[in-house]
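> A single structure is presented below for examination.
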Amino acid sequence: IMVDGEPLAVGASIGIVHCPAHGADPATLMRRADVAMYAAKAEHAGIRSYDPAMDQHSPARMQLIAELRAGIDAGRLVLHYQPQVTVKDGSVARFEALLRWRRDDGTLLPPGDFLPLIEASEIMDRVTLFVIDAALLACRGWRDAGFAAGVSVNLAPRNLRDPDLPA
């Protein structure tokens with residue numbers, strides 16, 4: 001639309017809930033619709049139905065966040081390295097650092113199961129610095145051993161806007 005001669009783009013994000021599946025009282029339904037709406041905004045989806053997994057205040061999610069914080073303190077975040085090969089000659093040019101979380105019971109969680117928790121919490125910067133430090137330390141070890149491969153890490157858009165991100 002045009003406002004005072006200037007184009008203005010307007011979008012909408014909609015959160016959907018179902019009664020009684022997502023709650024029986026208006027306050028619960030409104031809060032959960034709000035959660036779904038913010039998920040729609042974050043995903044640039046426009047519309048999203050409520051899912052308890054996206055609710056930052058659900059008991060299961062809060063338990064998982066607490067377990068993740070304890071896991072970080074206990075050194076349970078680990079990096080796996082996936083080789084990136086040169087198509088021309090098949091040589092390993094670099095490795096991509098892939099974050100995994102080894103839970104207390106020994107199961108290894110892939111990033112899709114826990115990165116959204118990290119990205120939505122205050123521990124994001126701490127985890128990012130852990131990944132960068134561990135990846136660079138591994139790369140230094142490879143180079144010291146005579147293997148001249150680089151390393152790549154994945155960063156979230158939020159990291160790229162962080163003025164304290166190491167150069």
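> For Ala138, state whether it is small (Gly, Ala, Ser), open to solvent by 70 Å² or more (accessible area, probe 1.4 Å) and either part of a strand (DSSP E or B) or more than 24 Å from Met54 (Cα to Cα) (or both).
Spelling it out, it is not the case that Ala138 is small (Gly, Ala, Ser), open to solvent by 70 Å² or more (accessible area, probe 1.4 Å) and either part of a strand (DSSP E or B) or more than 24 Å from Met54 (Cα to Cα) (or both).
> Looking only at segment 36-49, how many residues end up being in a loop (DSSP other than H, G, I, E, B) and of a type in the set (A, V, I, L, M)?
Total meeting the criteria: 1.
> Can I ask one more? From the list Ala33, Ala53, which one is open to solvent by less than 30 Å² (accessible area, probe 1.4 Å), in a helix (DSSP H, G or I) and modelled with pLDDT under 90?
It is Ala33.
> Can you tell me which condition Pro116 does not meet? The list is (1) exposed (fewer than 12 other Cβ atoms within 10 Å of the Cβ); (2) closer than 24 Å to Pro157 by Cα, and all the others hold.
Against the list (1) exposed (fewer than 12 other Cβ atoms within 10 Å of the Cβ); (2) closer than 24 Å to Pro157 by Cα, Pro116 comes up short only on (1).
> Considering (1) buried (at least 16 other Cβ atoms within 10 Å of the Cβ); (2) assigned to a strand (DSSP E or B), say which one Gly71 fails and leave the rest.
The single condition Gly71 does not satisfy is (2).
> Check Gly15 against each of (1) modelled with pLDDT of 85 or more; (2) open to solvent by less than 60 Å² (accessible area, probe 1.4 Å); (3) in a helix (DSSP H, G or I) and name the one condition it does not meet.
Evaluating Gly15 over (1) modelled with pLDDT of 85 or more; (2) open to solvent by less than 60 Å² (accessible area, probe 1.4 Å); (3) in a helix (DSSP H, G or I) leaves (3) as the failure.
> Something else: Being without any contact (Cβ under 8 Å) to a residue 24 or more places away in the chain, closer than 23 Å to Glu67 by Cβ, in a loop (DSSP other than H, G, I, E, B) and of a type outside the set (Lys, Arg) is the requirement here; does Asp133 meet it?
no
> If I ask for residues that are free of Cβ contacts under 8 Å to residues at least 60 places away in the same chain, of a type outside the set (Asp, Glu) and farther than 17 Å from Val78 by Cα, which ones from segment 117-130 would you list?
Ser121, the sole residue that qualifies.
> So is Ile47 touching a strand residue (DSSP E or B) at 6+ places or on another chain (Cβ under 6 Å), open to solvent by 70 Å² or more (accessible area, probe 1.4 Å) and under 29 Å from Leu109 (Cα atoms) or not?
Spelling it out, Ile47 is indeed touching a strand residue (DSSP E or B) at 6+ places or on another chain (Cβ under 6 Å), open to solvent by 70 Å² or more (accessible area, probe 1.4 Å) and under 29 Å from Leu109 (Cα atoms).
The values are calculated or read from the model by the stated rules, or taken from the named source; none is laboratory data. As the structure is a computational prediction, the values presented were derived from the model and not from experiment. Backbone-built Cβ (ideal geometry, glycine too); neighbour counts: all protein chains shown. Just the protein is used for accessible areas: all its heavy atoms, side chains included, with ligands, DNA and RNA removed. Shrake-Rupley method; radii C 1.70, N 1.55, O 1.52, S 1.80 Å.
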